[in-house]
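Data first, discussion second: the structure below is written as structure tokens.
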Amino acid sequence: GIEALVAKGELVPVEGNADFVVHSQVPHRFARPEILTFLERLGAQYRAATGKPLVVTSLVRASTEQPPNAHKLSVHPAGMAVDFRVPADPKDRAWLERTLLALEDDGVLDVTRERRPPHYHVAVFPAE
């Protein structure tokens, strides 16, 4: 279904820039347009605060490619989720966690820190 969503324009390419990078092992570099906007904005803020780019470790996934620990209602197959690498630097990690939790409090997203593999799973709820 990923190719069909791309063809319909419901998923757009996510290439990264100076503010965020897509890890080389991400097989499908596509997401909803709202996710791309979110990545561009959060990446710019993260880089301004830390001097480093934000690292994306997962975007859209086919339902057949979900890991064993994925929730049955995961929004990765719909292109509405993104995973971030947990920063090694405690200050960078604290900034990212504070920012994501504030956005969660505002109802913009839902964030979960996963342990295996370590990452932040973020489901974004775009507003009209």
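The values are calculated or read from the model by the stated rules, or taken from the named source; none is laboratory data. Please read all numbers here as calculations on a predicted model, not as lab measurements. Glycine also receives a Cβ, built like all others from the backbone with ideal geometry; neighbour counts cover every protein chain displayed. Protein only, heavy atoms only, side chains kept; ligands, DNA and RNA dropped before computing areas. Shrake-Rupley method; radii C 1.70, N 1.55, O 1.52, S 1.80 Å.
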Seminar exercise, completed: Everything considered on the Cα gyration tensor (a ≥ b ≥ c; rounded for a/c under 1.5, else prolate if a/b is larger than b/c, else oblate), the stretch 1-47 must be described as oblate
Problem set entry | Pairs of alpha carbons in the chain whose separation is greater than 21 Å (percent) | 35
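Do any GluC sites (Glu not before Pro) in the stretch 13-64 lie in a loop, going by DSSP, with at most 16 other beta-carbon atoms within 10 Å of their beta carbon, and if so which?
Numbers: sites: Glu15, Glu34, Glu40; in loops: Glu15.
Answer by residue number: Glu15.
Give, in nm to one decimal, the length gained when the segment between Asp106 and Ala127 is fully stretched (0.36 nm per residue of separation minus the Cα-Cα distance). Please report the intermediate quantities before stating the final value.
On the way: separation 21, 0.36 × 21 = 7.56 nm, distance 1.15 nm.
Here the answer is 6.4 nm.
Using the heavy atoms of the protein chains alone and a 1.4 angstrom probe, what is the accessible area of the chain per residue in square angstrom? Present the calculation step by step, with values, prior to reporting the outcome.
On the way: 7350 Å² over 128 residues.
With the other protein chains kept in place, the chain gives 57 Å² per residue.
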Exercise. For Leu101, what is the net charge nearby, where nearby means another residue's Cβ is under 13 Å from its Cβ and Lys, Arg count +1, Asp, Glu -1?
Worked result: -2
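Quick one: pull the percent of accessible area on the chain belonging to carbon and sulfur, 1.4 Å probe, ligands and nucleic acids left out.
Values: 3930 of 7350 Å².
Carbon and sulfur: 53 percent of the exposed surface of the chain.
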For this session: Return the distance in nm (one decimal) between the two label points of a simple spin-label model at Glu3 and Glu15, each offset 7 Å from Cα along Cα→Cβ.
Result: 2.3
For this session: Let me have the 222 nm mean residue ellipticity of the chain computed from DSSP H runs of 4+ only, each contributing -39500 (n - 2.57), with the sum over all residues rounded to the nearest 500.
Result: -10000 deg cm²/dmol
